[in-house]
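Please read the structure below before turning to the comments.
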Amino acid sequence: MGRVRLSTPVEVEMYRMMFCAGLAVGYVLGSRAGRERYEQIKRMAQRVTDNPSVQEAAGLVGAQVSKVTTMAKDQVASRLPHSRGEEQDGSGTGWPEEAKTTTVSPSPY
């Protein structure tokens with residue numbers, strides 16, 4: 001594409017106006033086509049999600065995720081000190097009592 005050479009201020013202003021008009025027309029036409037395509041994709045996605053076999057597969061995946069989550073939660077809980085029968089101090093932090101009584105000396109600076 002060659003470079004446009006404009007010699008007068010009127011030509012420059014006309015070029016700018018035509019450029020802006022072209023942008024506006026392209027935007028309007030593109031947004032209409034874009035909206036139609038969006039609606040088409042949305043309808044297709046709705047048909048897929050309404051399909052009984054897809055819903056069944058989603059239910060199976062959800063049940064499996066729930067099962068794995070419960071197993072992971074139980075494994076983590078079994079490794080925590082309070083779940084092995086160790087005494088808690090009631091603070092809810094899980095830290096031993098010694099950490100609670102430790103004092104920090106102020107900085108001389």
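The values are calculated or read from the model by the stated rules, or taken from the named source; none is laboratory data. It should be emphasised that the depicted structure is a prediction, and the values quoted were computed from it without experimental measurement. Using ideal geometry, Cβ is built from the backbone for each residue, glycine included, and neighbour counts are taken over all protein chains shown.
For the stretch 77-86, a tally of residues being in a helix (DSSP H, G or I), exposed (fewer than 10 other Cβ atoms within 10 Å of the Cβ) and either of a type outside the set (S, T, N, Q) or modelled with pLDDT of 90 or more (or both) returns 2.
Residue by residue, here is whether (1) among the aliphatic types (A, V, I, L, M); (2) modelled with pLDDT under 80; (3) more than 32 Å from the chain's Cα centre (by Cα) holds:
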position	(1), (2), (3)
Arg3	no, yes, yes
Met17	yes, no, yes
Val25	yes, no, yes
Arg32	no, yes, no
Glu36	no, no, no
Met44	yes, no, no
